Structures are given as structure tokens and as C-alpha cells.
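Structure first, commentary second.
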Amino acid sequence: MNPGVCLRGTLKLLWFFAPASAVSVQKDNFRRLLRTVEALSDLGPAMTGERDFPQTARAMLSALQEAADAREIVLFTYSDKPSLLTSVATAGFALMPEPALIPLLPKHVHALVSARGPVVVSSTSYDQFLSSNGNVAPELFKCVAPLTVSGKLVGVVALGHRRDDSQFDAEELESLGLLCHYVALAVHNHMLTQTLAQRVSENLRMVASLHGFYDTALEAFAAAIDVKHVNIHGHSLRVARYAAAIGEAMELETSEIATLRSAGYLHDIGKVAVDKRLFGKPTSLNPEEFREMADHTVVGHQIVSGVQLPWPRIPEIVRWHHERADGSGYPDGLRLDDVPMQVRVVALADTFDAMTSQRPYREPITLGSALSEIVRLAPQKLDPTAVQALLVQLRRDTVGSNRTPFLEGTAQAIATADIDHLAASLQHKLSRGRLYLT
Ligand SMILES: [Fe+2]
């Protein structure tokens, strides 16, 4: 049973069984108490129900209106910058603008906070509490109930005429003050939530602009890394673009995609420490040269670990982008489960660009051959989910559904049917030839 209904029943019974001589004396008090309890029992669900604040405000106002037996009532919230009352719910007033706005001077705020409860106002006393500079005439109000929390004004409930046109007496004001205490908490809670939501969105905007700034800076940095080694010109920029696009086809979150793009820009940063001669060498590297080249992962890791970047996974991606699922990679010889997904995506983007770009020791291979090789290397060395996503992006290029083409230019053409064939081969490998009927 609704506790409010139960309380109302109990009070009505007490009233019924009271001695006849006391009834007339206690009648008004009982009625007032009954109304207060009813309003309190209505306020609970009104304040805690799952609805938006305007609905909650209307429900609270309706409970207050019943309790105060008021014909007209309005609930204002207060903001201090600028110092303003703004109506959020109103009932009974014939000409109340929506929203009704009342600017407050410091003296009004002080008077409302000092009132410590509802006060009766008249045409000669309202200006202690409210200014007449808003879009509503304060003369309409017969009673003003400040809503305060921890000594701070959060809103005002203003009442107009009562249904029987009588004045509010002291006990009624006390009951109204009790109810307004709960309304004040609800208003305060709403305003805190709003402020929090505003702060969160401001922070997100700041983070987004910060990411944008980093993105631009890193892009320029990547171009600088690649320029040093003329033979891999544009490699880091392309790896960033490929890694982000593969992540997008894998339906990763925006922050993960930003990580992949930034990691792509920085993955070869350690190459700044590698002898420039090795990049132009037309033959294979000897073991010592290979070790020096392989060290770019460790050097890069040392460089980015010392920088506070907004993407915490960058150092491990820089260190492990040459690791392979079968443990044959470097520098740590990690196996599949030890290599985070983001690292595997950048590794694939790096491999794909290495295969399709010109290198001093060989001509670039065709896109079809590169993809066949990549499919062959999955899952032993390359992540099959990432490879699948790479094929998805390339297929989108072939059917023209990519807003920004995955590949630059048209030189690297491949037929849609060939990509579908490669995707089917990959699937066949992964299911080990098993057939699944659907
Ligand atoms: Fe590398």
C-alpha cells in the first residue's frame, strides 16, 4: 500500500475518534497536518520518479499547491551568474510568461536567504525580496518561499491567491516551509546534475581540441621522421591513416581510433637513431645492421615513454609493432595473446604499407600480391580480424562507398571479386575448411 494513503487514513481516523469538544479546536490543525502529510507523500514519488526535471517540477508544484490550497503557484530556479530567477513550472496564473524571469539584486538574495522560511508579501513589501525588472509583476505574489540549501539560494516558490482568498497564517507558512525544504533539495540536485553535465561536456570539448592539436602536431612530426629517410617518404603518415581506417572497420571506439592514428604517426620514431645509410642500402642488411635497425623499436619506446601523451598505449605500440603472433617478431618475441589488439592493427598497417611501397632493395609488389601474402600470414603472424577489416576498407574503395578513399590515387587497383575471394580464403583458413550452414 502507498504509505501516503496509509498515513492519510490514520489521520482521518484520529480525527473521527477525537472528543467532540476538541474537534472544533483541532479541526484546522488536523486539516493542515493532513494536507502536509499528503503533500509529503506525493512529493516522494514526484522527486524520485524517473522523469525529466520539468515533469518533476510540475509534480512537486502540484503537491505544494494542494498543501497550500493555493490557486496560483510558480517554481523558480535561481542562477547567480547572472543573478536571476527562472520559472520552471507554473500553475493557475493567467498571464505568466514562459519562462518568467526575475533578476535579483544582492539585497534581494540576502533577504531571501535570511528569511529562513516562507513570507507573506504585499504590494508594499515584495520589493524586499524581488525586483520588478523582470517579465513578470511581483505584485502577483502573496507569499514567497525561498528555497535554500546549506545557506545558499537555489530557487523560490511564489504563491498567488489562495482558493478561499484567505491569508496564510503562521502555521501554514511553517508547513509550507517544511515541504519547500524537500523541493529545495530536488532543485539543488537538478542544478548540480546540470552543472556536472556541463562540466563534463566542456571537458570533453577540451579533450577533443587537445586531441586535435596533438593529432596535427604528430602528423607534422611524422612527416619530419619520414623526410629524414627519403626512401620511406610518407610511410608514417600512411600507417597512421591505414591503422585508423582498419580500426574504424573493426568498429572500435573513437578514442581507440585516435590511439591507432597517433601510434601510426609515431611507430617508427626510433628510426631517428638509425644510421641513415641503412635506409638507402640496396641489398639485404647483415645481422649487425639488422640489429641496429631492429633497435628502433626499443629506442622509440624510450622516447615516447618519456612524453606524457593522451594515449597511454602509444609506448607499447611503438615497442611491439614488429612482434608477430607466432613469437617470431622483435624486440621481445611476444606471442599472440601477449600482443594487445592496437599493436596488431598498427603491425598490419605497417606491413601493408611496407609491401605496397617502393623500397631500395625491391620494387613494390602489386596490391593483389600484397593482400595474398597478408592473408597467407594470418593468423600465424598477422591478426585475422584486422586483416578482415583491411579487406573491408579496400572493398569499400572498389565499390566507391568510402567517403575518404582508403588508398590514395588509383594506381593500386583491385577488383571487388578478387577482394571477396581473398576474404573467403581467409575465412576458410580460419574455419580450417569446416563448413557452417546457416
Ligand atoms: Fe618499424
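The values are calculated or read from the model by the stated rules, or taken from the named source; none is laboratory data. Because the structure is predicted, anything quoted here is derived from the model rather than measured. All Cβ positions, even for glycine, are placed from backbone atoms using ideal geometry, and neighbour counts span all protein chains on display. SASA here: full protein model, heavy atoms, side chains in, ligands and nucleic acids out. Shrake-Rupley method; radii C 1.70, N 1.55, O 1.52, S 1.80 Å.
Between Lys152 and Arg376, what is 0.36 nm times their sequence separation minus the Cα-Cα distance? Round to one decimal in nm.
Separation in residues times 0.36 nm, less the Cα-Cα distance, equals 73.7 nm.
Taking every alpha carbon pair in region 313-390, what does the distance histogram look like in 10 angstrom bins from 0, in percent?
Percent of pairs per bin, in order: 20, 50, 28, 2.
Based on the Cβ-Cβ distance of Ser114 and Arg403, what FRET efficiency does E = 1/(1 + (r/R0)^6) give at R0 = 60 Å, to the nearest 0.05?
FRET efficiency, Ser114 to Arg403: 0.45.
Please report Rg over Rh for region 371-434, where both radii come from the alpha carbon positions and Rh follows the Kirkwood definition.
Rg/Rh: 0.99.
For Lys429 and Ser166, compute 0.36 nm times the residue count separating them, minus their Cα-Cα distance, and round to one decimal in nm.
The Lys429-Ser166 span can extend by a further 86.0 nm.
Could you check how much of the accessible area of region 152-213 is carbon and sulfur, as a whole percent, using a 1.4 Å probe?
About 61 percent, which is the carbon plus sulfur part of the accessible surface.
Cα atoms only: what Rg and Dmax, in Å, come out for region 238-365?
Rg, Dmax (Cα atoms, Å): 14.5, 42.
Assuming R0 = 41 Å, can you tell me the calculated FRET efficiency for the pair Leu278 and Ala413, based on Cβ-Cβ distance, to the nearest 0.05?
For Leu278 and Ala413, the calculated efficiency is 0.80.
Per Stokes-Einstein, at 4 °C and 1.567 mPa s, what whole-number D in µm² s⁻¹ belongs to region 159-201, with the Kirkwood radius over Cα pairs as the hydrodynamic radius?
Once the numbers are plugged in, D ends up at 102 µm²/s.
Calculate I(q)/I(0) for region 130-210 by the Debye formula, one identical point scatterer on each C-alpha and no solvent, and give its log10 at q = 0.10, 0.12, 0.26 Å⁻¹ to two decimals.
Normalising to I(0) and taking log10 leaves -0.40, -0.53, -1.20.
Zone of Val200 (label point 7 Å along Cα→Cβ, backbone N under 19 Å): which residues in region 234-272?
The answer is 253-256.
Tell me the carbon and sulfur percent of the accessible area for region 292-372, rounded to whole percent, probe radius 1.4 Å.
Of the solvent-accessible surface of region 292-372, carbon and sulfur hold 51 percent.
Express the accessible area of region 250-408 per residue in Å², computed with a 1.4 Å probe while the remaining protein chains stay in the model.
Dividing the accessible area of region 250-408 by its residue count gives 47 Å².
Remind me, what semi-axes does region 158-265 give for its equivalent ellipsoid, largest first in whole Å, using sqrt of 5 times each Cα gyration tensor eigenvalue?
Output for region 158-265: semi-axes of 63, 13, 9 Å.
Any idea of the accessible area per residue across region 93-143, 1.4 Å probe, to the nearest Å²?
Accessible surface, normalised per residue, equals 55 Å².
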